[in-house]
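Peer 1: Pasting in a structure now, in structure tokens, and then I'll have a few things to ask.
Derivation of every value follows stated rules applied to the coordinates shown; laboratory data play no part. Nothing here was measured: the structure is a model prediction, and the numbers come from that model. No Cβ is skipped: glycine too gets one built from the backbone with ideal geometry, and neighbour counts run over all protein chains shown.
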Amino acid sequence: MADAPRRGRLTIFLGYAAGSGKTYQMLEEAQQLKSKGVDVVIGYFEPHGRKDTIAKAEGLEMMPRRKLEYRGAVFEDMDTEAILRRKPQVCVVDEFAHTNVPGSERTKRWEDVMVLLDAGIDVYTNMNIQHLESLNDQILRITGVRVRETTPDWVLKQADEVVMVDVTPRALLNRLARGVVYAPEKADQALRNFFRESNLAALREIALRQIAHEVNLRQTRIPGLPNHEALSPPTEPQATSSERILVQVTPHASTAALLRRARRVADYLHADCLAAYVRESRSGSARREEQDAVNRHLNFARNLHIDARILEGTDPAKALVAFARANGVTQIFVARPRYTRMNRLLREHLIHRIVRLAPDMQIIIVAT
């Protein structure tokens, strides 16, 4: 039996805002590989009219894009199948968190990258810190902008190497003012909104903290500094903590934020993370819209690599705590209730019962 092809190496160039230099640095390193005789192609490149970045791509083979029709318009996207047929040693893929055109074989570009890696092709790609799924709510609070294109945290952990491309907020604002990042009319709008200096400083701090967290998982470097050996293999890390986290799933929209928070805490603690929804056997079938919401939350949990379960019971608090105790849970995450006149007593009763039934566990009531 022939040996399976080796998995390609994934290098992610991480920044904290558009214009920080991720794509430029990625292409710079691709040019260096080509100069050493490595077979490099550009699988997808979005220049955004940036002349310096466009110049850095010159001389690199550019794979043709595929065209897809959607709602009467024609869109271009990365042609993953063409790259697989070409089978280069290294493929450069811009905008890792991009959502593909509806009708594509895969929903997200990072899924296409995984296909390339499985075929033994090394990939250079890039993303900004605000596209990390677990940070979605935090980014919204800082910037007032809900980032729609996100990448699950476990995908970032697949990287063999993370390259932090750093620039000070003041330098980035100077680039924006010079028209290097966006055209003048778009730059003015960006300065009034997302690109406020306070936002950029906060995003940069988050990116640097993320890198500090990732350093124990894989090779991390900043361009210009020495290259160090990876501290551990780039596989999904096993839980090493005695902590185990359980998230209570409900139909409410706040469950998504609760899952992100728990996933991030679990990653920092190197802890297992579980989620559970209690279906009340005495209440009959749930309303269709509530069941649809629960299913979305359970699927979202699984996308975050959270072990999601559906429990049965006449007493939700008792069923949840019994499951937690049977699975060695040390922390239960519940969303702070949004009281109304109709549900105030019920919500208080549920939260208080969980607290009373689990005196040996931490009950984390999260504002979402």
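Peer 1: Can you show me the helix-derived [θ] at 222 nm for the chain, built from DSSP H runs with n ≥ 4 at -39,500 (n - 2.57) apiece and divided by the number of residues, rounded to the nearest 500.
Peer 2: -12000 deg cm²/dmol
Peer 1: Put a dot 7 Å past each Cα toward the Cβ at GLU205 and LYS51; how far apart are the dots in nm?
Peer 2: 3.7
Peer 1: Here is a further query. For ARG170 and ASN303 in one chain, what is 0.36 nm times their gap in residues minus the Cα-Cα distance, to one decimal in nm?
Peer 2: 44.2 nm
Peer 1: Span-like helices, the chain: DSSP H, alpha-carbon axial extent 18 Å or more, mean Kyte-Doolittle -0.5 or greater, which ones?
Peer 2: Taking the DSSP H segments of the chain (at least 18 Å long, mean hydropathy at least -0.5), we get 197-214, 254-269, 344-357.
Peer 1: If I stretch the segment between LYS318 and TYR70 completely, what's the gain in nm (0.36 nm per residue apart, minus their alpha carbon distance), one decimal?
Peer 2: Contour length minus Cα-Cα distance gives 84.4 nm.
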